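First comes the structure, then the notes that go with it.
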Amino acid sequence: MQTRNKIFDDLSELMTNALGVAQGAKDEADTAIRGVIDRWLADKDLVSREELEVLKIMSKKLSKENADLKSRIEILEKQNSKT
């Protein structure tokens, strides 16, 4: 007596192959969609998250530098007004 039926083996193989094809189609669709989105974002001249983070750091640094310079100017103006 046969423990496995040939029909079930064939059906199992068919389903496995179908799942492989479906996974390949999904991967291709994901790649195509990412490409479209990347091109769209590039056309919109948007900045990346990394560029935004660098700009935030630069902005904070320049703001502190500006505050320091403002304090120095106030000190110099006070010294100048005394003389």
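FYI, it's all coordinate maths here, none of it is from the lab. Given the structure is predicted, the values throughout are model-derived calculations rather than measurements. Don't worry about glycine lacking a Cβ; one is built from the backbone with ideal geometry, like all the others, and counts go over all protein chains shown.
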(request) Express in % the proportion of alpha carbon pairs of segment 8-83 at distances exceeding 14 Å. (result) 80
(message) Going by Cα centres, segment 18-32 and segment 36-57 are how many Å apart?
(response) 28
(request) With everything on Cα atoms, drop me the angle between helix 6-43 and the longest principal axis of the chain, reported from 0 to 90° to the nearest 10. (result) 20
(request) Select from Asn80, Ile37, Thr16 the residue farthest towards the positive end of the dipole of the chain; place +1 on Cβ of Lys and Arg, -1 on Cβ of Asp and Glu, and compute about the Cα centre. (result) Asn80
(message) Please enumerate, by chain and number, the lysines with C-alpha under 17 Å from the C-alpha of Lys78, excluding those fewer than 8 residues away in the same chain.
(response) Lys70
(message) Placing unit charges on C-beta atoms (Lys and Arg positive, Asp and Glu negative, everything else neutral), compute the dipole magnitude of the chain about its Cα centre in debye, rounded to 20.
(response) 740
